[in-house]
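Asker: Just passing along the structure, written as structure tokens.
The values are calculated or read from the model by the stated rules, or taken from the named source; none is laboratory data. These numbers come from a predicted model, not from an experiment. Here Cβ is always computed from backbone atoms with ideal geometry, including for glycine, and neighbour counts include all displayed protein chains.
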Amino acid sequence: MRRNRFLISGLSLVCLILIVKPAVVQTEDHSRLLVLLRWQSGEIRFVNSVTGRPVSIHFRVGGLFQDFAVTTDETTEAYYTNGLYSMNDVDSKESVDILRFCSMKGIRLILGFYDLDVKGGCLEVRLLWTV
């Protein structure tokens with residue numbers, strides 16, 4: 001009986017580790033723990049301070065942050081890429097455990113169950129484990 005409880009506890013822990021993706025959001029004035037689930041999605045929105053145009057980056061939570069898709073105008077995309085490549089062709093293949101963004105005009109993060117606004121400054125989201 002004790003062995004069965006140990007086995008069930010171990011399997012439950014493995015399932016939890018595979019499904020739950022804890023992350024820490026850090027801004028210039030506070031930190032916050034987020035509990036994410038592997039299949040959730042996210043979006044970061046900000047205004048490019050050079051072009052003055054909005055940028056929206058969609059992504060998925062998997063083992064890492066992945067499946068990125070960027071939506072912006074042609075001028076802003078050319079600002080980031082020097083017009084040499086399509087951001088979505090490159091970004092869709094990226095997988096990272098940390099997201100970092102800075103904007104003087106503000107950042108909006110929608111991630112899983114959470115919706116956060118940063119009024120100027122920087123934002124970092126770091127996955128605590130990447131199994």
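Asker: Of everything in segment 70-129, what is aromatic (F, W, Y), part of a strand (DSSP E or B) and farther than 22 Å from I19 by Cβ? Give them in sequence order.
Answerer: Residue satisfying the conditions is F101 alone.
Asker: Count, please, the residues in segment 73-88 that happen to be hydrophobic (A, V, I, L, M, F, W, C) and surrounded by 13 or more Cβ atoms within 10 Å (Cβ to Cβ).
Answerer: Of the residues in that region, 2 qualify.
Asker: Okay, next question. Do we have any residue at all in segment 42-61 that's within 15 Å of the chain's Cα centre (by Cα), of a type outside the set (F, W, Y) and modelled with pLDDT under 90?
Answerer: Looking through segment 42-61, none of the residues is within 15 Å of the chain's Cα centre (by Cα), of a type outside the set (F, W, Y) and modelled with pLDDT under 90.
Asker: Only one residue in D67, D29 is in a loop (DSSP other than H, G, I, E, B) and acidic (D, E). Which one?
Answerer: Just one listed residue meets the conditions, D29.
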